[in-house]
1. How large a share of the accessible area of segment 1-84, in percent, is made up of carbon and sulfur atoms when the probe is 1.4 Å and the other protein chains stay in place?
2. In nm, what is the difference between 0.36 nm times the number of residues separating PHE338 and ALA78 and their Cα-Cα distance?
3. Please list the radius of gyration and Dmax for segment 1-79, considering alpha-carbon atoms only, with Å as the unit.
4. Tell me whether the chain comes out rounded, prolate or oblate; compute the Cα gyration tensor, take square roots of the eigenvalues as a ≥ b ≥ c, and use a/c under 1.5 as the rounded threshold.
5. Sort segment 82-132 into rounded, prolate or oblate with this rule: let a ≥ b ≥ c be the square roots of the eigenvalues of the Cα gyration tensor; rounded if a/c is under 1.5, and if a/c is not under 1.5, prolate when a/b is larger than b/c, oblate otherwise.
6. So what's the back-of-envelope 222 nm ellipticity for the chain, counting only DSSP H runs of four-plus at -39500 (n - 2.57) apiece and dividing by all residues, rounded to 500?
7. Loop-only check: which GluC sites (Glu not before Pro) in segment 213-251 are DSSP coil with at most 16 other Cβ within 10 angstrom?
8. What is the angle, in °, between the Cα long axis of helix 69-78 and the longest principal axis of the Cα atoms in the chain? Nearest 10 is fine, range 0 to 90.
Amino acid sequence: MNSSYPQDGIAPIVVIGAGAVGASSALALASAGHRVLMLDPRGLCGGTSFGNAGGIHIGAIQPFATPGILWSAMKMLADPQGPLLLDWRYLPRSLPWFARFLLNSSARQMSAGAAATAAINHTAIAAWRKAADAAGVAGHLREVGWLKVYDREQDFLAAGSERRLMQENGFPFELLDAGALHELEPALGPSLAYGMLQPGSLFVDNPGRVVRAIAEAAIARGARFAADEVRSIRPCAEGCVVQTSSGEVLASKVVLAAGAWSRTLAAQVGLRVPLDTERGYHVMLPTPERSVGRPIMFSRRRFVLCPMEEGLRVTACVEFAGLERSPDYRRIEKLLPFTATVLPGLDTRIQSRWLGFRPSLPDGIPVIDSVADGRVIFAFGHGHLGLTQGPATAAAVLSLVQGSASPFPLEPYRADRFFLSRITSRT
Ligand SMILES: Cc1cc2nc3c(=O)[nH]c(=O)nc-3n(C[C@H](O)[C@H](O)[C@H](O)COP(=O)(O)OP(=O)(O)OC[C@H]3O[C@@H](n4cnc5c(N)ncnc54)[C@H](O)[C@@H]3O)c2cc1C
């Protein structure tokens with residue numbers, strides 16, 4: 001075993017990935033007295049958790065696979081200013097994912113997916129407060145809710161099923177007419193006629209800084225960190241042998257929290273999980289003189305205006321192009337003229353650009369499961385909600401490590417729920 005890792009006879013739990021899920025897991029495990037080694041070649045919070053919209057968006061329980069999604073996806077793809085992009089060269093690789101996605105789009109599956117997401121999201125706020133307190137960043141959790149705005153009645157009416165699912169699953173919301181909307185957010189443009197506010201959601205005004213602070217809090221509690229890439233995981237009698245870019249380490253257990261990069265490592269312990277990535281972009285703009293007080297999603301073009309600590313962030317796009325292709329910022333840049341109709345007077349000079357990789361499973365629910373006879377814990381596939389669900393997932397990871405009750409039922413999150421997912425049981 002490589003001597004650059006701690007060698008004092010006690011094999012650590014190796015956490016692969018230092019994003020919202022891995023950092024939160026490391027903190028939960030280190031706080032409970034476990035020896036932890038966190039590995040990530042991109043450093044602390046150098047992946048997708050850095051640049052998202054900052055929503056602890058608990059009411060976002062409607063899966064993307066809904067009845068009629070095929071038709072609306074076609075329309076979005078055909079729209080040169082739409083939010084959905086597909087690199088046609090990537091289509092052969094993504095076809096199985098799309099097939100499973102469509103198979104999950106019945107009304108029954110949509111309701112089941114919403115209920116599973118609701119179960120974890122109901123624990124998300126308490127889990128976030130605990131993690132943020134431990135990391136000394138509670139001041140970055142802002143109690144401003146999440147606001148969705150509409151300029152056309154047809155879009156507002158079409159979102160009825162989303163509201164029904166929230167009602168059925170206990171997530172309150174307020175509907176706003178034009179007057180109430182502009183009273184709440186006076187800087188919004190006059191074309192906006194409807195709003196839906198989810199007051200229970202929180203907003204993280206600097207996700208990169210906050211997730212990094214969570215990772216640092218884990219380190220302050222004894223966790224070690226190395227900027228190494230994990231190349232392989234091999235279960236053995238004592239736990240797992242983890243091969244990294246710097247050598248080998250014996251782990252008592254492994255927590256696989258490598259976000260969109262988890263698929264290959266998961267296959268090494270015998271499970272073929274249909275993980276793909278929905279790429280998403282952000283641009284940073286200067287904070288406008290008249291800004292908004294909370295994250296605001298413009299429903300028709302599906303971009304979000306996020307009043308971050310360091311400027312106004314615009315997040316947008318779902319792009320299917322895999323993990324390797326270079327970023328293509330043209331679509332998000334094309335959306336900028338629309339941002340100025342939502343927020344008049346916006347200075348659209350771009351300060352910085354970013355591409356992130358949502359780790360997405362076709363049923364829209366993460367995998368949180370103990371596999372390889374308890375030697376490996378899977379915690380990945382959080383799609384559009386990994387920031388929201390990071391600390392809540394960590395609480396479930398801790399329960400799987402310790403064999404205690406999870407804060408929410410884990411059956412819907414099983415790794416072998418996908419058809420033909422089990423390759424072998426290489427334990
Ligand atoms: C534009 C955009 C907006 C979003 N908005 C929101 C939002 O408002 N609210 C919300 O809840 N979610 C949002 N999301 C989704 C959210 O950001 C992701 O679900 C979340 O960041 C996933 O967290 P993670 O820890 O699983 O992955 P990551 O943050 O990507 O972390 C995984 C880490 O694993 C590391 N890794 C990969 N391979 C290896 C290896 N072999 N060895 C070691 N380490 C490895 C990577 O370097 C990476 O740092 C958004 C995403 C995007 C793209």
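The values are calculated or read from the model by the stated rules, or taken from the named source; none is laboratory data. Note that the structure is a prediction, hence the values are computed from the model and not measured. We place every Cβ from the backbone using ideal geometry, glycine too, and count neighbours over all the protein chains shown. All accessible areas refer to the heavy atoms of the entire protein, side chains included, with ligands and DNA or RNA removed. Shrake-Rupley method; radii C 1.70, N 1.55, O 1.52, S 1.80 Å.
1. Working: 1930 of 3150 Å².
Answer for segment 1-84: carbon and sulfur cover 61 percent of the accessible area.
2. Details: separation 260, 0.36 × 260 = 93.60 nm, distance 1.79 nm.
Extra length available between PHE338 and ALA78 comes to 91.8 nm.
3. Over segment 1-79's Cα set, Rg and Dmax evaluate to 19.5, 59 Å.
4. Values: a/c = 1.76, a/b = 1.54, b/c = 1.14.
Taking the square roots of the gyration eigenvalues as a ≥ b ≥ c, the chain is prolate.
5. Working: a/c = 3.31, a/b = 1.75, b/c = 1.89.
Oblate, since a/c reaches 1.5 and b/c is not below a/b.
6. Values: 12 runs with 134 residues, N = 427.
Here the helix-only value at 222 nm equals -9500 deg cm²/dmol.
7. Details: sites: GLU216, GLU229, GLU238, GLU248; in loops: GLU229, GLU238.
Hits after loop and neighbour filter: GLU229, GLU238.
8. Between helix and principal axis, roughly 70 degrees.
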